[in-house]
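Report on one structure; see the data block that follows.
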Amino acid sequence: MSQNPMIIAIDGPAGAGKSTVTRQVAKTLGILFLDTGAMYRAATVGLYDAGINPDDAEAIAAYVCERDISFDSTGQVLLDGVGLGERIRTPEITAEIWRVANNPGCRGHLVDLQQAIVRGRDAALEGRDATTVICPNAGLKVYLDASPEERARRRVAEWGDMDDAPSIEQVAADIRKRDESDMNREVGALQQAPDAVHCITDGMSPQAVIAKIIAWAVKRRPLLLDSVYADQLLVGRSREPGYVKVAQGSVSNPPAPWQLGFTNPTPQRLPGQVTHYARNAGGRQAGVLCQGRAVIVLAGTEDTPTLPIALPMLPQTWYVIEEGVWHAVVQESGTICAWAEASGLTEDAYELDDCAREVVNTYLSVYQPEDS
Ligand code: C5P
C-alpha cells in the first residue's frame, strides 16, 4: 500500500474511450484499475437471476444494497463471491443496466463499495461519476472528451465494411442525443468537475491520450511510478562498462534544451530532437529523454522496440532496470547516468515511427515548462 496514494479518476461522455484508456494507464503504471461499469453490470445480472420485479424500484434497491460486489485478481467481477465472466456484457444485461444506474439507492451502495476498493491505494478508475462522486479528491481528474463526429467516426471504423452500417452523421446524431440525456438525467448525471482537466481527444491516437494522462499524473505525483513493474523497464545495455552519461537537461537557469540520449550513444543522436532510437542487436532497446522532472524511456524488445513510458526523475535515485545487468542513476536534477555490467553488443539507430513520435511529443507537451 502506498503511503500517499494517487487516484486518477476519469469521466466523460459515452464513446470517448474512457475504458480502454483508463485500463492501459493503470497497467502501464502498475496500479489498480477499477471498472465501475462492471459493478453496475454485475448488479443487473443479480437482479435478473433473482427474478426481482424490474418495475419495482424499491425492491431493486433493497436487493442491490444487500450485495457484495468485488473483483478477483484477474479483474473478473464477483457477485457475492461468484465470478460472472463475460455474461455482464451481453446485450440483454446492457439493456437493463439503467434500472440500477438510475436508482439512487443502488448508486449509493455501489459508490460505497467503489470507495472502499480504492481507499489507501494507487488506482485509476472511470465512470460517469468517478471525478464528481466516487473520488472528488482524486489527485488527477480528467474529463475525457471527443466531439460527437469524432466518436461517430471511431465507432463506424470499428464496424468496418458492414453493408447496413449507419452513416457517421446518423451515429453522431444518436451520440448527441445520448449526451443530452446523460447530462440531464435526474440521478447520476454526467458532469465535468470544475477542477478536471478537459482532454479533447479529437485526432489523437489512444497511445497519445494514454501518454498524456500518464504525463499529467507523474507531473503531479512523481512518486507514482514507484511500483512500476520490472517488465515495463526493459532497456539496453551500455556498450562500455562503467558510468556513461547518457543525457542531460535542466528546467532552470538557464533552461537546457531537451536532449535525447541513448544508453548506447550513436552518431545519429540529435540533441533537442526526438526522431530516432537505438537498437541493440540481440539486446533490448532504450532511449532516455530527460528534462528536470521526468525521464522518458523508450523501451522494449527487439521485436517491439518502442514503448515510451515516463519515470519520475528523482535526484540520487537508483532504478534497477534489469536486475544484475543494467541500472540507471539520476545524479542531479536533469542528469541521468547509466551503468552497465555487460558490454560487447552492437547497435544501430532507427527512426521512430509516427505513433512513437506522437507519444514522445505528447510527453514533451506536458513536461516542457511553459514559464521558463
Ligand atoms: O462502462 P460500462 O459501459 O460497462 O457501464 C455500463 C453502464 O453502467 C453505463 O452505461 C452507465 O449506465 C452505468 N454506469 C454508471 N456509473 C458508473 C459506471 C457505469 O451509471 N460509474
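The values are calculated or read from the model by the stated rules, or taken from the named source; none is laboratory data. Quantities reported herein were computed from a predicted structural model and do not represent experimental measurements. Glycine also receives a Cβ, built like all others from the backbone with ideal geometry; neighbour counts cover every protein chain displayed. Note: areas computed on protein heavy atoms with side chains; ligands, DNA, RNA excluded. Shrake-Rupley method; radii C 1.70, N 1.55, O 1.52, S 1.80 Å.
The table that follows gives values for the structure above.
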| quantity | calculated |
| --- | --- |
| Residue list for region 22-32, restricted to those being touching a residue at least 60 places away in the same chain (Cβ under 8 Å) and away from the ligand (no atom under 12 Å from the Cβ) | 24, 25, 26, 28, 29, 30, 31, 32 |
| Residue that is farthest from residue 142 (Cα to Cα), among those in region 41-53 that are within 15 Å of the ligand (Cβ to nearest atom) and open to solvent by 20 Å² or more (accessible area, probe 1.4 Å) | 48 |
| Helices (runs of 4 or more DSSP H) wholly inside region 96-168 containing at least 3 residues that are open to solvent by less than 30 Å² (accessible area, probe 1.4 Å) and more than 20 Å from residue 16 (Cβ to Cβ) | 104-118 |
| Yes/no for residue 100 being farther than 26 Å from residue 193 by Cβ and among the hydrophobic types (A, V, I, L, M, F, W, C) | no |
| Of residues in region 20-39 being in a helix (DSSP H, G or I) and open to solvent by 20 Å² or more (accessible area, probe 1.4 Å), the one modelled with the lowest pLDDT | 28 |
| Of residues in region 64-86 being within 13 Å of the ligand (Cβ to nearest atom) and assigned to a helix (DSSP H, G or I), the one modelled with the highest pLDDT | 64 |
